[in-house]
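Peer 1: One structure, as structure tokens, below. Some questions next.
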Amino acid sequence: MKVSVHLGDLTEAPADAVCTSTNPRLSLMAGTGGAVRDRGGFDVLRACEAIVQAAGGSVRIGSAHPTSAGTLPFKLVIHCVASNAVHLSSAEIVRVCVKNALACADSAACRSLAMPVFATGHAGLKFDRAVNAMAEALRDASTLVEQVIIVINEPDRAEMARRIISSVIEQRNAEGVSS
């Protein structure tokens, strides 16, 4: 799998599918969820509401939930529950989100997947810790997805993410396993 960093807007990422970073209520009020709702339309929000209602009011932390992309040009949107109800997260939750997002993408025959850096908004996970956790999960993943695009909208953070991802992937290659 090829892992790259894209500087720009998640809703304009060159991918088959995109992920949001959300909470157990699949709220699309701010951050990546808000961007997807604003550009994809309220069908995406209604799909999230139906998932949460069917689950009894909240979904499991670390889980991933595919919905329509509405008017966005993607096969689907994958909503990754990267924090708990009070907006707390961890590197382990981020790793589980990546694993579950890849499984959703595999089920939909997506060859490329765009992801934000999970849990760094309201959840407040440190950016470098979140990127490192994502890179480790991607490095160790078994998936049919050929390309994962980490989307970041700040140039300084994009460069930091490139360095972290490169270091984690190179570590695996140095151990004799290809990525």
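The values are calculated or read from the model by the stated rules, or taken from the named source; none is laboratory data. Quick caveat, the model's predicted, so the values are computed rather than measured. Here the Cβ positions follow ideal geometry from the backbone for every residue, glycine too, while neighbour counts run over all protein chains shown. Just so you know, the surface numbers come from the protein's heavy atoms only, side chains and all, with ligands and any DNA or RNA stripped out. Shrake-Rupley method; radii C 1.70, N 1.55, O 1.52, S 1.80 Å.
Peer 1: Take the residues in segment 66-119 that are open to solvent by 40 Å² or more (accessible area, probe 1.4 Å), at pLDDT 95 or above and hydrophobic (A, V, I, L, M, F, W, C); name whichever of them is farthest from Thr143 (Cα to Cα).
Peer 2: Out of the qualifying residues, it is Val96.
Peer 1: All but one of (1) surrounded by fewer than 18 Cβ atoms within 10 Å (Cβ to Cβ); (2) under 26 Å from Pro155 (Cβ atoms); (3) out of contact with any strand residue (DSSP E or B) (no Cβ under 7 Å at 6 or more places or on another chain); (4) of a type in the set (Gly, Ala, Ser) hold for Gly41, so report the exception by its number.
Peer 2: (2)
Peer 1: Checking Ala55 against (1) crowded, with 18+ Cβ neighbours inside 10 Å; (2) among the small types (Gly, Ala, Ser); (3) at pLDDT 95 or above; (4) over 21 Å from Asp106 (Cβ atoms), only one condition comes out false. Which one?
Peer 2: So Ala55 meets the others, but not (1).
Peer 1: Determine whether segment 33-53 contains at least one residue that is in contact with a His (Cβ under 9 Å, 6 or more places away or on another chain), of a type outside the set (A, V, I, L, M, F, W, C) and not in a loop (DSSP other than H, G, I, E, B).
Peer 2: Yes, the conditions are met somewhere in segment 33-53.
Peer 1: While we're looking at this one, here's another question. Hey, among the residues in segment 1-32 that are of a type in the set (S, T, N, Q) and either assigned to a strand (DSSP E or B) or more than 14 Å from the chain's Cα centre (by Cα) (or both), which one's nearest to Ser142 (Cα to Cα)?
Peer 2: Step one: list which residues in segment 1-32 are of a type in the set (S, T, N, Q), which gives 4, 11, 20-23, 27, 32.
Subsequent filtering for residues that are either assigned to a strand (DSSP E or B) or more than 14 Å from the chain's Cα centre (by Cα) (or both) retains 4, 20-22, 27.
Working: Ser4: 17, Thr20: 21, Ser21: 22, Thr22: 24, Ser27: 29 Å.
Applying the filter and picking the extreme gives Ser4.
Peer 1: Output the qualifying pairs, or none if there are none: Cβ atoms under 8 angstrom, residues six or more apart or on different chains, first residue in segment 49-71 and of a type in the set (Lys, Arg), second residue modelled with pLDDT of 95 or more.
Peer 2: Every condition considered, the pairs that remain are Arg60/Pro24; Arg60/Val81.
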